Amino acid sequence: MEPYTLLRIIWAAFLGLGMIAAGVITFTSKGEPGIGFRIGYIYLSERARRKANRVSGIGTVLTGFLLIILSPLLSFPWLAVLLLLGLGTTMLIAYLVAKREYELEELSEKAPEKPGKVIKPPNLKKYIALQTAFLAIFTGLCIAGRVPRETAIVLGGALILLLALTFLVSRPLVFQLAPKFKGKMAMSFARALTLVSGLTTAEIALAALGYEPGPLGVVLLLMASLGVIFYAAFIALTGAYEEGYY
C-alpha cells in the first residue's frame, strides 16, 4: 500500500470515528448544556429538540461510516466533498425536522407560550456582500482555467458553505445557539467566516496568477494564514462569550 493511501485511510478513520462518537452522543442527548443539535427551535420545543437530535445523530454517524469505508477509493479532495455534503445535508434535514416539529406543536393544544419579545436578527448584509464578491472572484478564476478542477470543486464548495452559514447566522431561529439571542455571537461568526473566505480567495488567487514564493515567502504566507485563522477563531470565541457561553 502506498504511503499516501495509508495516510488518507488513517486520516479518514480518525475523523470518521470521531464523527461516529459525536453522532452517538447527539442521538442519546437528553438536553444537556452544549450537547446535541442546537438551533432556536429546540429552545421553544422539547419535541423539536428530541427529533432534531435523532436525525442529526444518525446523519453524523452515517457520514463517519461513509468517510471510513470510502477512504481507500476516494482522494483527499473528494473525501472533503463527501464530508461537507454529509454534514451539510444532515444540518439541513435536522433544521427542517426541528422547524416542522415546532410548528406541529404550536398547532396542538399543548403548544408552549410564544416568546414575549420579538427577536431582532442582526444585519449581516456587508459580510454577505463581501463573501459574494470573493465567490465571484473565485468563479472568474475557475472560468479562466486558472484553478484545477478538483481544487475548484473543493474550495468552491467551501466558499459556498461559508456564504450559506453567514446567511443562516442572520436568522435567529436557525442560529440561536443559546436560550436567549442577543445577536453578538451571530455577528462574530459572520466576521470570522468572512475572514476565512477572504483568506481562501486570496491564496487561490495568488496561486492562479502564478505567484511562486521562495522559502521565506512560504513561511510568511503560512504565518499570515495561521494569524488570520487564529484571529477568526478568537473573534468567534469572543462572540460566544458575549452571547452567554462561558
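The values are calculated or read from the model by the stated rules, or taken from the named source; none is laboratory data. Because the structure is a prediction, the values reported are computed rather than measured. No Cβ is skipped: glycine too gets one built from the backbone with ideal geometry, and neighbour counts run over all protein chains shown.
The test for being in a helix (DSSP H, G or I), modelled with pLDDT of 80 or more, touching an Asp or Glu at 6+ places or on another chain (Cβ under 8 Å) and of a type in the set (Ser, Thr, Tyr) does not hold for residue 197. Scanning the range 216-240 for residues that are exposed (fewer than 13 other Cβ atoms within 10 Å of the Cβ) and modelled with pLDDT under 75 gives 217, 218.
Checking each residue in the range 144-192 for being part of a loop (DSSP other than H, G, I, E, B) and modelled with pLDDT of 80 or more picks out 144, 145, 146, 147, 148. Sub-9 Å Cβ pairs linking a first residue in the range 203-230 that is in contact (Cβ under 8 Å) with a residue 40 or more places away in the chain to a second residue that is among the small types (Gly, Ala, Ser) and exposed (fewer than 14 other Cβ atoms within 10 Å of the Cβ), at least 6 apart or interchain, are 208/144, ordered by first then second residue. Quick check: anything in the range 39-53 outside any helix (DSSP H, G or I), under 17 Å from the mean Cα position of the chain (by Cα), surrounded by 21 or more Cβ atoms within 10 Å (Cβ to Cβ) and modelled with pLDDT under 85? Among the residues of the range 39-53, at least one is outside any helix (DSSP H, G or I), under 17 Å from the mean Cα position of the chain (by Cα), surrounded by 21 or more Cβ atoms within 10 Å (Cβ to Cβ) and modelled with pLDDT under 85, which makes the answer yes. Restricting attention to the range 1-12, does a residue exist that is modelled with pLDDT of 80 or more, outside any helix (DSSP H, G or I) and over 19 Å from the mean Cα position of the chain (by Cα)? Checked the range 1-12: no residue is modelled with pLDDT of 80 or more, outside any helix (DSSP H, G or I) and over 19 Å from the mean Cα position of the chain (by Cα).
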